[in-house]
Each structure stands twice: as C-alpha cells, then as structure tokens.
Amino acid sequence: MTEALEKVWLLIEAAELDVALVELESQDATLPPCLERRTQRGIIYLQMGNALDAMTCLQEVLEGAPDNIRALVMYSDACDLLGERDEALRNLNLALELEPSLDVAILRRAELKIRMGNLLGGLEDYKVRHKLFPARVGLAMEAGGWPEWQGQCIAGKRIVLAGEQGLGDTVQIMRFVRFVEALGACVILGLHLGLHAICRQSGFKGDLYSIVPADVDADYQAALMDVPLILKLTDGELWAGEAYLSPDFAKVMRHRKMLRPARLRIGIAWQGSQSFAGDSTRSIPLSAFKAISGISGVALYSLQAVDGLDQLTQMQSQLGIHVFSGLDAAPASFLESADLMVAFDLIITPDTAVGHVAGALGCPAWLALSRRSDARWRDGQTETPWYPRHRLFRQSIDGDWTGVLRDMRASIYSMLDAK
C-alpha cells in the first residue's frame, strides 16, 4: 500500500471524512487512476449517507475488479440503504463465496434476511454475533461449561436459557421460553432484573437469575434468541399471536378508576435508554407530540421512566400530559408499567422496551419508527407478525418525526369517529 492510500485509510478510520475527501481530490488530480482510491471514495460517500454516489464509485471498482471483497460488501451496503434488498443480498453472497469466513458480511446478511422476512435464515447467520461482539451481546449467564443444546431430547432435563442485549430484545424473545417448557424441560432463565417480577406474574415457575451462575446444576444451555432456530419453528408457531406476559388485573382496574374521563386514553413514551448507541435516531423529541395534544376527547399519560424526564419537566403543562408516580428505575418498574399499559386504550412509543412490553401484553400500540428502522420490523410494513396489535408508523424523511405524528393525529381522529 502506498503512503498516499494509507493516509486516506487512516482519515477514514478516524472518521475525518471531509478531510479524507479533500485528500482524495488532491491525489486524483496528481496521481494516475487507482481502483483503491475509488473504493475509498465510495466508502466515504457511504459513511456520509450518500448511498447513490457510493454505489456509482463502487460499481466502477467492481467492473475493474469483480472479486474485490471490500467493494462487494460496501456496494451491498449502498444497495441496502437505497432499498435494493435483493441486489444487496446477491453481492453479500458473492463476497462470502470468495471468503466464506468473512464474519462482518455474515452479520450483514443476517440483518438483510431478517429484514426480508427470512427469520430462521437470518438467525442462522446471526449466530456469528457471539464471535464478533460477545460483550455487547451480553448473554445473561456465566461460562458454566454446560453442553450446548442443539435440539436433543430435553424431557426431564434442566436447561439454561439466556436473554441478551437490551431490555426490548429480551422481552421480544421471552416468547420462546414456552416452546422449551412444552418439551418437558425445567428452564433456568437469565434475564434483566427489571423483568423478573413480570415474568413471575406471567406464570414462569423456574429459577430466575440476572446472570446465571456457573455452578448452577444444568444439563444444557442455549441463547434464548437461538431457540426458534434450534427447534426449526414454522411461521405458524413463531407468529402464534397470543400475549405471553400478564398484568395484575386488580391493579389494572384500580388504574382505570384513576384515569380522567376521556374517549381515548393514550400512554406515551418518547425516549429509550441513552446508553444505546442509536438512541438519538430512534427517540422522539417530546415537543413532537404537540401534534396529538389538545385533541378533544383524548388524554395523554406519560409512560416515560428515567431518561427523557427532563423534557417532561419542560413540556408537561404545555402538552397537558398526566403523570403517574412509581414509574422509576426500581427492579419492579416494568411490573408497574405493564399494569398501567393495560389500563390505557392505546400506547404510542418509539422502538424501545415500552413497545415490546406492550406487544407482549397484547395491548394496542402504535410504534414510531425511524427511516432506517431495525430489521425486525421489515420494510414498508404497517403491521408486524411479532405483535398482532401493533401498528407501525414510519418516517419518510430521515430525522423527521412531524410527518409520523401528523399521520398518528389523523388516525386518532379516525378512531374517535368510529367510537
């Protein structure tokens, strides 16, 4: 590699993209044409969000070097950003034919398959997550040396099932516990502490840990997210649709009596955990909810806990939002939130744990999604098989929540007209 090329790669690595682009302009003006510089330009455009120009550059590279693995992967990313999923998948497959152990391409293909509706195929590729970023996956168990469950008979056996990643991810995959219990196994479950109380309330009888200790007596182990793949569940089994978390109905009734009279009582959340790297694009400024505040017959209630409460202090009176005490960071906070959610007529939330808990309870919920939403919500859909009572509202422009809330406003009026 020449010193000039290395300089640009270092600038890209340091995310100094504007400087890298200026450097490339200088090199292009003084040096002979070079495919690697075109690759660098394509990568810079891609990281700047300019997928169309990135695709043009990388296409030129592939015309001259069709076996350029880096260009194939980056070209796939550009296609993906432009919504050309089939072409994105084709180029990832080409890259993996050339280098089958290219983990980053396997991970990208996992997301593509899930986004395109091939969940089991995506989960097969997604196993690479344990190798790529074990700390971020954060399986809720210590390395106990239990044999990996690969579908063996587990009737009468003890099996450790570990949740992983964020609270919402864990809630979503908790549905798979019942499949393992149905095989006659005694399940030992590793989950976030904040989910233990609602898990018990929902009927789970096995042992619960935040992190399953290495000395627990068990015959097998598995990541909970891998269960559908291990059991080769069919679509009919995956999307059975029934709620799998349960509220305390006595508390639900008490909450309903405390709600103000209104034709439509809506619980809202607007921000996820700020510790999540993508929170700035998935969370909604509370001010955007002006679009649905003040509608006659509608009462808004806060479901927000911890992060985002500073916005509530500033906007509560202006938006007329009602607040319940007790929604805090304590271990049982999701238990209280769950009982409250069921008392409402509707939940509105971005893609956070609140939406997953609402879905797992079977509550009607509207999910506000960023333009580049998580793969689990697929493309262009207004419904999701994960949660039959969810309705999906999507950004049409990056960062623009006004259109999403405007669509919700129109839908609220339609609901009121139908009442």
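The values are calculated or read from the model by the stated rules, or taken from the named source; none is laboratory data. All values reported here derive from a predicted model rather than from experimental measurement. Cβ coordinates were reconstructed from backbone atoms using ideal geometry, including for glycine residues, and neighbour counts include every protein chain displayed.
Condition (residue is within 22 Å of T2 (Cβ to Cβ) and either surrounded by 13 or more Cβ atoms within 10 Å (Cβ to Cβ) or not assigned by TED's automatic domain parsing to the domain that holds A88 (or both)) applied to the stretch 48-56: is it met by at least one residue? Don't jump to the end; show me each part of the working.
If we filter the stretch 48-56 for residues that are within 22 Å of T2 (Cβ to Cβ), which is where we start, we get none.
No, the conditions are met nowhere in the stretch 48-56.
Here's the yes/no breakdown for (1) in contact with a helix residue (DSSP H, G or I) (Cβ under 7 Å, 6 or more places away or on another chain); (2) of a type in the set (S, T, Y):
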{"position": "A262", "(1), (2)": "no, no"}
{"position": "G267", "(1), (2)": "yes, no"}
{"position": "F289", "(1), (2)": "yes, no"}
{"position": "G294", "(1), (2)": "no, no"}
{"position": "S302", "(1), (2)": "yes, yes"}
{"position": "G320", "(1), (2)": "no, no"}
{"position": "F324", "(1), (2)": "yes, no"}
(request) Of all residues in the stretch 19-47, count the ones that are of a type in the set (S, T, N, Q), surrounded by fewer than 19 Cβ atoms within 10 Å (Cβ to Cβ) and under 38 Å from the mean Cα position of the chain (by Cα). (result) 1
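A quick yes/no check of all residues on (1) among the hydroxyl-bearing types (S, T, Y); (2) in a helix (DSSP H, G or I); (3) under 22 Å from S396 (Cα atoms):
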| position | (1), (2), (3) |
| --- | --- |
| V19 | no, yes, no |
| R38 | no, yes, no |
| G42 | no, yes, no |
| Y45 | yes, yes, yes |
| G49 | no, no, yes |
| C57 | no, yes, no |
| D80 | no, yes, yes |
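Conditions tested, residue by residue: (1) touching a residue at least 24 places away in the same chain (Cβ under 8 Å); (2) of a type in the set (D, E, K, R).
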{"residue": "D310", "(1), (2)": "no, yes"}
{"residue": "S317", "(1), (2)": "no, no"}
{"residue": "S337", "(1), (2)": "yes, no"}
{"residue": "V357", "(1), (2)": "yes, no"}
{"residue": "A360", "(1), (2)": "yes, no"}
{"residue": "C363", "(1), (2)": "yes, no"}
{"residue": "L369", "(1), (2)": "yes, no"}
{"residue": "D379", "(1), (2)": "yes, yes"}
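Quick check on this structure: which one of L120, L107, L139, L89 is under 30 Å from T352 (Cβ atoms) and not in a helix (DSSP H, G or I)?
Selected residue: L139, the only one of L120, L107, L139, L89 that is under 30 Å from T352 (Cβ atoms) and not in a helix (DSSP H, G or I).
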(message) Quick check on A343: is it outside the structural domain of Q165 (by TED's automatic domain parsing), surrounded by 24 or more Cβ atoms within 10 Å (Cβ to Cβ), touching a helix residue (DSSP H, G or I) at 6+ places or on another chain (Cβ under 7 Å) and aliphatic (A, V, I, L, M)?
(response) no
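One line per residue, one yes/no per condition, for (1) hydroxyl-bearing (S, T, Y); (2) farther than 29 Å from T281 by Cα:
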site: C34; (1), (2): no, yes
site: R38; (1), (2): no, yes
site: I44; (1), (2): no, no
site: L52; (1), (2): no, no
site: Q59; (1), (2): no, yes
site: L62; (1), (2): no, yes
site: D67; (1), (2): no, yes
site: L72; (1), (2): no, no
site: Y75; (1), (2): yes, no
(message) Going by what's in this entry, would F204 be described as surrounded by 12 or more Cβ atoms within 10 Å (Cβ to Cβ), assigned by TED's automatic domain parsing to the domain that holds I173 and more than 20 Å from D345 (Cα to Cα)?
(response) yes
(request) Return a yes/no flag: does the stretch 321-339 have any residue that is of a type in the set (V, I, T), in the same structural domain as R254 (by TED's automatic domain parsing) and modelled with pLDDT of 95 or more. (result) no
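Within the bounds of the stretch 395-406, is there any residue that is over 18 Å from W270 (Cα atoms), of a type outside the set (F, W, Y) and not in a helix (DSSP H, G or I)?
Residues of the stretch 395-406 that are over 18 Å from W270 (Cα atoms), as a first pass: 396-397.
Filter once more, keeping what is of a type outside the set (F, W, Y): 396-397.
Among the residues that remain, those that are also not in a helix (DSSP H, G or I) are: 396-397.
Yes.
Given the criterion part of a helix (DSSP H, G or I) and surrounded by fewer than 22 Cβ atoms within 10 Å (Cβ to Cβ), identify the matching residue among A358, A338, A410. Working first, answer last.
Working: A358 fails: surrounded by fewer than 22 Cβ atoms within 10 Å (Cβ to Cβ); A338 fails: surrounded by fewer than 22 Cβ atoms within 10 Å (Cβ to Cβ).
Going through A358, A338, A410 in turn, just one is part of a helix (DSSP H, G or I) and surrounded by fewer than 22 Cβ atoms within 10 Å (Cβ to Cβ): A410.
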(request) Say whether the condition of being in contact with a His (Cβ under 8 Å, 6 or more places away or on another chain), at pLDDT 95 or above, part of a strand (DSSP E or B) and surrounded by fewer than 20 Cβ atoms within 10 Å (Cβ to Cβ) is met by at least one residue in the stretch 180-195. (result) no
(request) Among the numbered conditions (1) under 25 Å from D53 (Cα atoms); (2) buried (at least 17 other Cβ atoms within 10 Å of the Cβ); (3) under 20 Å from the mean Cα position of the chain (by Cα); (4) among the small types (G, A, S), tell me where G83 comes up short. (result) (2)
(request) Would you please name the residue that is surrounded by the most Cβ atoms within 10 Å (Cβ to Cβ), looking only at residues in the stretch 372-407 that are under 15 Å from the mean Cα position of the chain (by Cα) and among the hydroxyl-bearing types (S, T, Y)? (result) Y387
